[in-house]
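Note sheet for the following structure.
The values are calculated or read from the model by the stated rules, or taken from the named source; none is laboratory data. Nothing here was measured: the structure is a model prediction, and the numbers come from that model. Counting neighbours? That spans all protein chains shown, and the Cβs are built from the backbone with ideal geometry, glycine included. For the accessible areas, the whole protein counts, side chains as well, though only heavy atoms, and no ligand, DNA or RNA atoms are used. Shrake-Rupley method; radii C 1.70, N 1.55, O 1.52, S 1.80 Å.
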Amino acid sequence: FHRPVTILYPYEKEWVPDNYRGRPGLRFDRCLGCGICVRACPTTCIELVEVADDDGKMVLRPQVNVGRCMMCGYCAEYCPVDAMTTTTDYELAEFNRYDLIYDPRRHHRHDGGTHRRAPDVQPREGHH
(Lines give C-alpha, C1' and ligand atoms only; values in the text may rest on other atoms or scores of the structure.)
Protein backbone atom coordinates (compact mmCIF):
# COMPACT_ATOMS: atom_id res chain seq x y z
CA PHE A 1 0.00 0.00 0.00
CA HIS A 2 1.07 3.56 -0.71
CA ARG A 3 0.20 6.94 0.73
CA PRO A 4 -2.38 8.88 -1.29
CA VAL A 5 -0.78 11.23 -3.82
CA THR A 6 -3.60 13.75 -3.83
CA ILE A 7 -4.49 16.24 -1.10
CA LEU A 8 -7.86 17.71 -0.12
CA TYR A 9 -7.26 21.15 -1.62
CA PRO A 10 -8.26 23.83 -0.52
CA TYR A 11 -8.67 22.31 2.96
CA GLU A 12 -5.09 21.06 2.88
CA LYS A 13 -2.29 23.16 1.42
CA GLU A 14 0.65 21.83 -0.51
CA TRP A 15 4.06 22.17 1.12
CA VAL A 16 5.96 25.19 -0.25
CA PRO A 17 9.77 24.93 -0.39
CA ASP A 18 11.98 27.65 1.09
CA ASN A 19 13.24 28.81 -2.32
CA TYR A 20 9.76 29.08 -3.89
CA ARG A 21 9.24 32.31 -5.86
CA GLY A 22 5.63 33.39 -5.61
CA ARG A 23 4.16 36.81 -6.28
CA PRO A 24 6.42 39.82 -5.73
CA GLY A 25 6.06 41.64 -2.43
CA LEU A 26 7.02 45.13 -1.32
CA ARG A 27 8.38 46.57 1.91
CA PHE A 28 6.79 49.97 1.42
CA ASP A 29 8.87 51.84 3.99
CA ARG A 30 12.20 50.59 2.55
CA CYS A 31 11.48 51.46 -1.09
CA LEU A 32 13.40 54.43 -2.52
CA GLY A 33 11.36 54.70 -5.73
CA CYS A 34 14.56 54.34 -7.78
CA GLY A 35 12.96 52.22 -10.54
CA ILE A 36 15.63 49.52 -10.75
CA CYS A 37 12.89 46.89 -10.39
CA VAL A 38 11.09 48.42 -13.39
CA ARG A 39 14.22 48.22 -15.56
CA ALA A 40 15.08 44.67 -14.37
CA CYS A 41 11.65 43.21 -15.15
CA PRO A 42 11.74 41.17 -18.39
CA THR A 43 7.94 41.26 -18.83
CA THR A 44 7.50 44.99 -18.09
CA CYS A 45 4.83 44.20 -15.50
CA ILE A 46 6.15 46.78 -13.01
CA GLU A 47 5.60 50.53 -13.24
CA LEU A 48 6.22 53.32 -10.75
CA VAL A 49 3.09 55.14 -9.61
CA GLU A 50 2.55 58.03 -7.22
CA VAL A 51 1.01 57.08 -3.91
CA ALA A 52 0.76 58.78 -0.52
CA ASP A 53 3.16 57.50 2.11
CA ASP A 54 2.32 57.26 5.83
CA ASP A 55 2.92 61.02 6.26
CA GLY A 56 0.66 61.94 3.33
CA LYS A 57 3.57 62.93 1.06
CA MET A 58 3.38 61.68 -2.54
CA VAL A 59 6.13 59.18 -3.39
CA LEU A 60 6.89 56.80 -6.28
CA ARG A 61 6.37 53.12 -5.55
CA PRO A 62 6.13 50.01 -7.79
CA GLN A 63 2.80 48.71 -9.02
CA VAL A 64 2.84 45.12 -10.30
CA ASN A 65 0.55 43.52 -12.88
CA VAL A 66 0.58 39.97 -11.49
CA GLY A 67 -1.26 38.71 -14.57
CA ARG A 68 1.79 39.54 -16.65
CA CYS A 69 4.44 38.65 -14.03
CA MET A 70 6.38 35.42 -14.60
CA MET A 71 7.61 35.27 -10.97
CA CYS A 72 11.28 35.36 -11.99
CA GLY A 73 12.36 37.31 -8.89
CA TYR A 74 14.63 39.73 -10.78
CA CYS A 75 12.91 42.68 -9.10
CA ALA A 76 13.85 41.32 -5.67
CA GLU A 77 17.32 40.30 -6.78
CA TYR A 78 18.29 43.71 -8.16
CA CYS A 79 16.62 45.90 -5.51
CA PRO A 80 19.47 47.75 -3.77
CA VAL A 81 17.64 48.07 -0.42
CA ASP A 82 15.74 44.74 -0.42
CA ALA A 83 12.38 46.52 -0.63
CA MET A 84 11.14 44.20 -3.38
CA THR A 85 10.77 40.63 -2.16
CA THR A 86 9.35 37.32 -3.26
CA THR A 87 6.50 35.78 -1.30
CA THR A 88 5.13 32.27 -0.99
CA ASP A 89 1.72 33.35 -2.31
CA TYR A 90 0.59 31.16 -5.19
CA GLU A 91 -3.20 31.45 -5.03
CA LEU A 92 -3.56 34.49 -7.28
CA ALA A 93 -6.82 33.82 -9.13
CA GLU A 94 -9.15 36.78 -9.62
CA PHE A 95 -12.47 37.31 -11.39
CA ASN A 96 -11.22 40.09 -13.66
CA ARG A 97 -7.91 41.37 -14.99
CA TYR A 98 -8.05 44.66 -13.13
CA ASP A 99 -7.80 42.82 -9.80
CA LEU A 100 -4.46 41.35 -10.92
CA ILE A 101 -2.87 44.80 -10.72
CA TYR A 102 -1.33 45.13 -7.27
CA ASP A 103 -0.97 48.78 -6.31
CA PRO A 104 1.85 49.56 -3.84
CA ARG A 105 -0.38 49.33 -0.76
CA ARG A 106 -1.97 46.02 -1.78
CA HIS A 107 1.46 44.80 -2.83
CA HIS A 108 2.73 45.67 0.65
CA ARG A 109 -0.11 44.01 2.54
CA HIS A 110 0.84 40.71 4.10
CA ASP A 111 -1.69 38.17 2.78
CA GLY A 112 -0.27 35.05 4.35
CA GLY A 113 2.82 34.78 2.17
CA THR A 114 6.27 35.10 3.64
CA HIS A 115 8.36 38.01 2.39
CA ARG A 116 11.83 36.84 1.45
CA ARG A 117 14.80 38.33 -0.29
CA ALA A 118 15.65 36.51 -3.51
CA PRO A 119 18.30 33.88 -2.72
CA ASP A 120 21.84 34.46 -3.89
CA VAL A 121 22.67 31.75 -6.39
CA GLN A 122 26.24 30.50 -6.36
CA PRO A 123 27.81 28.36 -9.12
CA ARG A 124 28.21 24.71 -8.30
CA GLU A 125 31.64 23.35 -7.48
CA GLY A 126 33.61 22.67 -10.66
CA HIS A 127 31.42 24.90 -12.90
CA HIS A 128 32.78 28.27 -13.94
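Name every residue in segment 70-91 that is out of contact with any helix residue (DSSP H, G or I) (no Cβ under 7 Å at 6 or more places or on another chain) and either loosely packed, with under 15 Cβ neighbours inside 10 Å or part of a loop (DSSP other than H, G, I, E, B) (or both), in order of residue number.
Met70, Met71, Cys72, Gly73, Val81, Asp82, Ala83, Thr87, Thr88, Asp89, Tyr90, Glu91
So which of Ala40, Ala52 ends up being open to solvent by less than 50 Å² (accessible area, probe 1.4 Å) and either modelled with pLDDT of 95 or more or of a type in the set (Phe, Trp, Tyr) (or both)?
Result of the check over Ala40, Ala52: Ala40.
Name the pairs whose Cβ atoms lie under 7 Å apart, with the first residue in segment 69-81 and hydrophobic (A, V, I, L, M, F, W, C), the second open to solvent by 80 Å² or more (accessible area, probe 1.4 Å), and 6 or more positions between them or separate chains?
Met71/Arg21; Ala76/Arg117; Val81/Arg30; Val81/Leu32
Select, from Gly67, Gly22, Gly56, the only residue that is part of a loop (DSSP other than H, G, I, E, B) and farther than 16 Å from His107 by Cβ.
Gly56
Pull up segment 9-54, narrow it to residues that are touching a residue at least 40 places away in the same chain (Cβ under 8 Å) and in contact with a Cys (Cβ under 6 Å, 6 or more places away or on another chain), then point me to the one that is farthest from Met71 (Cα to Cα).
Filtering segment 9-54 for residues that are touching a residue at least 40 places away in the same chain (Cβ under 8 Å) and in contact with a Cys (Cβ under 6 Å, 6 or more places away or on another chain), the one farthest from Met71 (Cα to Cα) comes out as Cys37.
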